[in-house]
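Note sheet for the following structure.
Bear in mind these aren't lab numbers, they're just calculated from the coordinates by the rules spelled out. All values reported here derive from a predicted model rather than from experimental measurement. Note: ideal-geometry Cβ built from the backbone for every residue, glycine included; neighbour counts use all protein chains shown.
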Amino acid sequence: MSEALNCKIGQSCFVSGNEAVARAVWEAGANVAGAYPGTPSTEIIEYLSQYPDIYTEWSINEKVSMEVAIGASLAGSRAFCAMKHVGMNVASDAFMTQTLAGVVGGLVIAVADDVGLSSSQNEQDSRYWGRFAHLPILEPSDSQETYEMIKKAFDISEQFDTPVIVRLTTRICHVKTRLTIKNDRIEKPATGFVKDVARWVMTPIAAGKRLPLMFARDEKFKQFSETTELNKIENTANKQLGFIVSGSAYMNVKELYDEYPIFKLGFSYPLPIEKIKKFAKLVDKLIVAEEVEDLVETELKAAGIKNIYGKDILPKMGELNATALKPAINKLLGKKDKLADIKINQVFPRPPTMCVACPHLGPYFALAHMKNINITGDIGCYTLGAGDPWQAMDTCVSMGASMGVALGMDKGRGKMDEKKAVVAVIGDSTFLHMGMQGLLDITYNKGNVTVLLLDNRAVGMTGGQTNPGMGKDLHNEDTIRVDFVKLCEALGVKKQRIRKINPYELPTVMKVLREETKIHEPSVIITDQPCVLVDAYDALEPLTVIDEDCTGCGNCLDTGCPAIFVTRRETVTKPTGKQKELAFVRIDEAICTGCKLCTKPCAPDCIVPVE
Ligand code: SF4
Ligand code: SF4
Ligand code: SF4
């Protein structure tokens, strides 16, 4: 439970940016909020769901959560949706139209960029959306500002008849800082939907009429940006340098360089160009410190400001922390970079791995042992199948892309791939998010693709959130449960080509995979065991290895279960003269859940229940 939930007016709590967002959305009187889980923004809706008087949901994807928020806004409610940066790509179809149509109830979108790529496939900069969609971008630097800006964003949304983006980053979302509570919830009852076809039915004629209004709105934003207290100058006497900075980079600049003037951008699009021009004249060298693209720098240079330094001295990717800022600024100042002399000892790298007894281990063991196969992958824990020991994923592009990429590989195959099977691997949540349409495309276009649908009854990667495949909603209340067999059948897969299997039954997994990949038509293999981290998972008694019977074959290690560890390695020479590496193993009984997967490839049957 979030500390902010029960914090009274005037009290302080120590909360993450995500908790601050939730508290602020509730205080602002929003009536509806939706999201699809995605690091680093997942917890926003989880926290918000704990507050009373607001409808919250896990939507099946970001586009739907955006549309739910749009609908609520049109009904006259304040509305909110949250997503990670790549989620905005999914939601943008609806969003790019709604920026033209405008809002009724305030509509705020929190977009969380994964600066530093902690858990994402790219590092795209969501500030672009402001430029693209002609709407304001607000950028807080800590939990207090996040709280203030979310509430301000609702006011701006209603004042200017526009959706507003509050751009967060991983650092803001996850780092806990002090938050002082200023208000209770302000009730904002829905004003009711007012039919207005010319506005809400965005035909070309209607859009043509809205475009001039959108451009006029741009001018109002520019004026607002020049005067708002969200853009502020922190002046100092030393004018050798000056910084223009926003988001979490502000905290780093403030900590390292508070002897120099700082222009803190809170309302970072449109830029307060005139205010910045005056600021630029105050300082000798103006450093634009922005995560991650050079948007502000480019626009300021285009506005004729000359004394600017930015991505020519600062890193073009990752966070602008002390390690990134100091060498660049020292060089600019002609100072010796003390950091350069410090030898940084890297901790031993620990690659991510799947959990002990994860239901994906069996299918990946099987895929890794198949020959003549191209495997298109998707986004989820199972993306780790690309790594060791399986190396059983060949592509991963975006949510649901395993389907279309597989069909493309099938249709575009050349002689080299003629005999290869194409397998698309996708999890249940990703399938419901954006994969279903791809499967329909496969069946509609008679693709020769086998889909391996890993139904673990949760959004495993982000912490086991519910989805329509679980029969539970965000509030853990009973709801419909998608029947994947029926769904795949409805999407055009023949009944006999849909096989449901237990992923721990390795011989069956391997047999069914071989059978379905030999048949030249769409097929779906559904695994049906839960993620070990959800309530539905039942752990069994742990297993152990009979040391003296272990031959060191290492087959059990190929499952990738982290409970199995090597105790000693040996190299032996076989009668043929070939050398063979042996790995003798044990099982960490404290974490083994007794799934028995590793017993299947163990020829001497030396993996047995603990006595
Ligand atoms: S969270 Fe669940 S699905 Fe993800 S690796 Fe762990 S057990 Fe597997
Ligand atoms: S039985 Fe084997 S595969 Fe299953 S959790 Fe234990 S060690 Fe891992
Ligand atoms: S599969 Fe069996 S014999 Fe081979 S290393 Fe594992 S425990 Fe030992």
*Take each of the peptides 420-429, 273-282, average the number of other beta-carbon atoms within 10 Å over its residues, and list them starting from the highest.*
420-429, 273-282
_Nearest 10 degrees, 0 to 90: helix 62-74 Cα axis against the chain principal axis_ = 40
*Provide the gained length on full extension for the span Asp284 to Lys578, in nm with one decimal, where the gain is 0.36 nm per separating residue minus the Cα-Cα distance.*
98.8 nm
*asked:* Along the charge dipole of segment 123-164, pointing to its positive end and built from +1/-1 on Cβ of Lys, Arg, Asp and Glu, which listed residue (Thr162, Tyr147, Ser126) has its Cα farthest out?
replied: Thr162
_Rule-of-thumb Rg ratio for the chain [Cα; 2.2 N^0.38 Å; N residues]_ = 1.09
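List the pairs from Lys239/Lys275; Lys277/Lys326; Lys151/Lys220; Lys518/Lys578 whose alpha-carbon separation is above 27 Å, in the order I gave them.
In this structure, Lys518/Lys578 lie more than 27 Å apart at Cα.
Return a whole-number percent for the relative contact order of the chain, with Cα pairs under 8 Å and 6 or more residues apart as the contact set. Can you show the working numbers first?
Numbers: 1327 pairs, mean separation 62.8, N = 611.
In percent, rounded to a whole number, it is 10.
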_Simple Cβ-charge dipole of segment 304-409, Lys/Arg +1 and Asp/Glu -1, about Cα centre, in debye nearest 20_ = 720
_Cross-link pairs beyond the 24 Å C-alpha cut-off, checked among Lys63/Lys472; Lys152/Lys285; Lys500/Lys596_ = Lys152/Lys285
*Of the listed peptides 27-34, 477-484, what is their order by residue-averaged count of other C-beta atoms within 10 Å, with the highest listed first?*
27-34, 477-484
*Taking only DSSP H segments of four or more residues, each worth -39500 (n - 2.57), what value at 222 nm results for the chain once the sum is divided by all its residues, to the nearest 500 deg cm²/dmol?*
-9500 deg cm²/dmol
*Amide H within-cut-off set for Asn231, under 5 Å, with H built and near neighbours excluded*: Gly266, Phe267
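Given a cut-off of 22 Å, what percent of all Cα-Cα pairs of segment 361-527 lie beyond it?
Summing the P(r) tail past 22 Å for segment 361-527 gives 37 percent.
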*Could you list, bin by bin from short to long, the percent of Cα-Cα pairs of segment 231-337 in 10 Å steps?*
15, 55, 28, 1
*With only alpha-carbon atoms counted, please give the Rg and Dmax of segment 8-150, in Å.*
14.2, 41
*asked:* Can you order the peptides 385-394, 195-204 by their average number of other Cβ atoms within 10 Å per residue, highest first?
replied: 385-394, 195-204
*Roughly how many debye, to the nearest 20, is the charge dipole of the chain about its Cα centre, given +1 on each Lys and Arg Cβ, -1 on each Asp and Glu Cβ, and no other charges?*
1700
*Quick one: dipole size for segment 3-227, taken about the Cα centre, charges +1 on Lys/Arg Cβ and -1 on Asp/Glu Cβ, in debye to the nearest 20.*
440
*So for segment 543-609, what are the equivalent ellipsoid semi-axes in whole Å, largest first, each being the square root of 5 times an eigenvalue of the Cα gyration tensor?*
23, 11, 10
